[in-house]
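Here the structure is laid out as C-alpha cells; the discussion comes afterwards.
Each value in this text was obtained by applying a stated rule to the coordinates, not by laboratory testing. These numbers come from a predicted model, not from an experiment. Virtual Cβ from ideal backbone geometry, glycine too; neighbours counted across all protein chains shown.
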C-alpha cells in the first residue's frame, strides 16, 4: 500500500481542520473597536490551536518522509489521530467562548493529550512495521519530546482546577518547545 | 482517462466530509461538566460516522489500487457514492440531536444503505469495464461483506421502529466487521 | 507554467464547493417523518446543484486533459469560473428555502448562466493560447452543447416569471443533456 | 525536505479559504429582488477578497516554481502567511455586514497589511535559504510591487477614519495593480 495517498489524505484533512477553525471566529456584533476587544479569548485560542495543528502537520510531514510503507493498522492509527485533531475546532471554541473557564480549559487539554496519545500510537505502529535499524527508527529515537508533552498535558488538566492560567501556560509552553525546530528527522535525512 | 485525478477528487471530497461533520458538534452552552454530558448522543453519532466514512475511504483506496482505467460511467458511479456520503453530516446530526429517536435512526440507516448500494453499483461498473480474470475482479471476488452489510442496513431500518437500539446496534456491528482488515485486496496485490 | 497545480487547485475548490453545499441542508427540527417532508425543495435543489457542479468538474477534467500549457490569463479565466461556481451553495439554498419562488429560481438560473459564460471565456482563452489544429481545438470543436446551454439558461430567467416551473424544468433538462457522456474529448484522446 | 508537500498543503488551505468565504454570504431572507439589494456590500467584499486570495495563490504558485528547497523556517513563514489569509473570511464578513463602516474597513486593511508583511517575511526567508544569484533571487528582484502594496495598506488604515471610501478605493487599486500579470517570474522561467 503506497504511503502517497495516506499523506495526501492526511494533508487534506489537516488543511481543512486548520481552516474551518476560523469559522468559529464569529463576525463581531457592532462596528467600533470596542466590539473587537471581547474577542481576544477566542482569537488567542485560535492562534494557539493554529500553531498546535501546524505543529502536527509539520511533524507528520517529517515523519512520513522517513516512512517506507504503510498497512491497515497504520491507516487506522492515522485516522485515530485525525479524529482527535478534528475535535480541535470545537474544543478551541469551547475554551475561547467561555473566556478560559476551568472546565473548557481542561477539556482543551484533554483533547491535546488524546492527540499526543494518538500520535504516540501512530509512532509505535510505524515502528513495529519498520523494525529497528531503519531510517524511521533512528529518526524517531525514543521520542522524548512527545512523551514529555503528553505528561505536561496530563498534569495541566487537574492543575486547571487550581487556576486555569496554569493550564493555559502549560499549553503555550509545550507549543513553544515544539516550535524550536526538531532536528532529529533532518539529521537522519541529511546523513 | 487517468484514474489519478478521480482518486484525488474522491480523496478531497471524503476528507472534507469527514472534517465538516465536526461542524455539527456545536459548542456546548455553559462552562461546567454538566454542559458536556447531554452531548453524548451527538458525540457518539460523530464517532460512528467518522469510522464509517473512514471505512469508505479505506475501501475506495484499496479498490482503486487494483483499478486500471476509468470512464464516464465510473466517474458518475463514484459521484453517486460521494453524494450519499455527503449526506452523512446531516443524517448524523439528525440522529444525534434527536437522541436516537426511531425516525432519525432509520434515516441514518437509509443513508448507510444508499451508500452501500452506491458502492455496489461502483463495483459492478468497474467490474464491467475491467472484465473477469483481471486483478480488479479477483480482488473484489463476490464482495460478500458488502452484500451482507447492505442486507443488515435494510433489516435495521424497520427494526428501528420496534426499538431504535436494535438499529444502532446493527450499525455498530457492521462497522466493527469492516474494521477487521480486509485482506482480499492485499492478497491480490502481494501476489 | 505547469497545468498540474492549476488542475489540483481547481479540483480542490470544486471538491469543497460540492461538499459544503450540504451545510445548507439544515438538520430538520422534530424527530418524525413529517419533519422531513418540508425539506424536499431544499433536497431537490441540492441534488440538482450536486449534478451541475459534478458536470463542471467532469468537463474541466476532460478539457484539461487535452490542455498543454496555461498562462496568467487562463489562470484568471479559471478563477472567474470558480467564483461563479462558489456562489452555487448560496443560490441553491436561496432557491430551496424559498420553495422555488420565481425570483430565487431566476437568481439560480443567472448563476448557472454566469458559470456557462465563464466556462465559455475559459474555452476561448485556452483556444487562443493553443491555436487551431491542436488536440485542444479539435476536442472543443464549436462547443455547440455549451452555447445551447447558455441560451437555455438565458431564456429560463424571464420565463421563470411566467411560471417558475418552466425555469426549473429547463435547468433539469440541460443537466440531463450533459449527463449523456460527452464523447468529443474521448474521441480525440483515443485517436 | 521536498517542496511538493508544502505546495500541496498551501494549495489546499488557500482553496478552502477562498471557498468557505462564501459561507459568510448568508442566504437572504425574503424571496423578491428587494431582498437581494441590501446584500451588495457583502457581495462586493466577497468579490474583493476572492480576488485578493486568488492573487496570493497566483503569486505563491509562481514563487514556489523557482524555489528549490524548503526548511523548517520556510514552513513556518508559510504557515504564518496562511494564518493571516485564514482571517480573510472573518474580516471580509465584518466589513460587508457593517456596510463599510470605518473600523471594519480599517480591520480589513490591517489583515491585508499583515498578509503583505507575512508574504515579505516568506520572501526574505526563501531568499536567505537560496542566496543571491539563484533563479529565485533573480525572479523576486527587489519585490517593489510587494513593498508598495504594504505601504498603501498601511496608509489606508488611518485614511479610513477620514472617509472609509478612501480605504476601500486603495484596496481595489492595489488589487487592480496586481491583476496586471506579473512578468518577473515568467521572464526568469522563460530564460
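Below, the figures for the structure above:
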| quantity | calculated |
| --- | --- |
| Calculated FRET value between residue D:180 and residue B:162, using beta carbons and R₀ = 60 Å, to 0.05 | 0.30 |
| Highest-MSF residue in chain C out of C:176, C:60, C:114 [GNM, Cα springs under 10 Å] | C:176 |
| Mean projection area, nm², convex hull over Cα of chain B | 11.3 |
| Cβ-vector label at 7 Å, residue D:180, separations to other copies in nm | 4.9, 4.9, 6.9 |
| q = 0.19 Å⁻¹: log10 I(q)/I(0) that the Debye formula gives for the stretch A:104-151, counting C-alpha atoms only | -0.63 |
| FRET efficiency, 1/(1 + (r/R0)^6) with R0 25 Å, evaluated for residue C:124 and residue D:33 via beta carbons | 0.20 |
| GNM result for chain C, Cα springs below 10 Å: residue of C:49, C:163, C:86 fluctuating most strongly | C:163 |
| Sorted largest first, extent of the stretch B:48-96 alpha carbons per principal axis (Å) | 40, 20, 7 |
| Estimated FRET transfer efficiency when R0 is 51 angstrom, pair residue C:135-residue A:3 (beta carbons, to 0.05) | 0.90 |
| Estimated 222 nm signal from helices in chain A, with DSSP H stretches of n ≥ 4 weighted -39500 (n - 2.57), rounded to 500 | -25000 deg cm²/dmol |
| For residue D:34, label point 7 Å along C-beta direction: distances to other copies, nm | 3.4, 3.4, 4.8 |
| For chain B, built as a Gaussian network whose Cα springs stay under 10 Å, the top-fluctuating residue of B:146, B:96, B:12 | B:12 |
| Square roots of five times the Cα gyration tensor eigenvalues for the stretch B:116-181, Å | 29, 13, 7 |
| Crossing angle, helix D:40-66 versus chain D [Cα axis fit, 0-90 degrees, rounded to tens] | 0 |
| Quarter of Cα convex hull surface for the stretch D:24-77, i.e. mean projection, nm² | 5.4 |
| Nearest-ten-degree value, helix D:88-97 long axis tilted from longest Cα axis of chain D | 20 |
| Degrees separating the helix A:164-179 axis from the principal Cα axis of chain A, which is the longest one | 40 |
| For C:63-71, mean number of other protein chain Cβ atoms within 10 Å | 1 |
| Area projected by the alpha carbon convex hull of the protein assembly as shown, averaged over all directions, nm² | 33.3 |
| Averaged over D:28-40, number of beta-carbon atoms from partner chains that fall within 10 Å | 4 |
| Length-normalised contact order for chain B - Cα pairs under 8 Å, 6+ apart - percent | 25 |
| Relative intensity, log₁₀ I(q)/I(0), of the stretch C:77-173 from a Debye sum that treats every alpha carbon as a point, q = 0.13, 0.20 Å⁻¹ | -0.50, -0.93 |
